[in-house]
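Heads up, the thing below is written out as structure tokens.
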Amino acid sequence: MSEHAVIVNLPAHQVGLDLDTIEDPLIAAIGASGIGEFDGNAIGPDGAVLYMYGADADALFEVVGPVPAGIDLPAGSYAVKRYGPPGATEARVNLR
């Protein structure tokens, strides 16, 4: 699988939310499409980060992008579409 990625960043005040609220629908959307994989999360003092990988960041975002729209995410939540391995070109998409 390519190293394209969609990385969702949630601000620190969002971490109190059960991450399953957003992770479960992301995992289901990716699984139904077969477009990539959900690789997990990292939680730290600045918030939570959710990692998804696939062969095409734009195609992956088309599948997972609508999921956060149905969830009450706080201002400052965003996704990064990365077009290759770490250090490759990125595009930021505000989710709220």
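The values are calculated or read from the model by the stated rules, or taken from the named source; none is laboratory data. Keep in mind that what you see is a predicted model, and the values were worked out from it rather than measured. Because the Cβ atoms are built from the backbone with ideal geometry, glycine has one as well, and the counts that use them run over all protein chains shown.
Quickly run through the range 18-48 and pick out the residues that are touching a residue at least 24 places away in the same chain (Cβ under 8 Å) and among the β-branched types (Val, Ile, Thr).
Residues satisfying the conditions are Thr21, Ile22, Ile30, Ile35, Ile43.
I'd like to verify a number: residues in the range 72-84 that are in contact (Cβ under 8 Å) with a residue 12 or more places away in the chain and surrounded by fewer than 16 Cβ atoms within 10 Å (Cβ to Cβ), how many?
Total satisfying the criteria: 5.
Quick one: in the range 74-96, which of the residues that are more than 16 Å from Asp46 (Cβ to Cβ) and β-branched (Val, Ile, Thr) is farthest from the chain's Cα centre (by Cα)?
Thr89
Return the residues of the range 56-70 that are surrounded by fewer than 14 Cβ atoms within 10 Å (Cβ to Cβ) and at pLDDT below 95; say none if nothing qualifies.
Pro66, Ala69, Gly70
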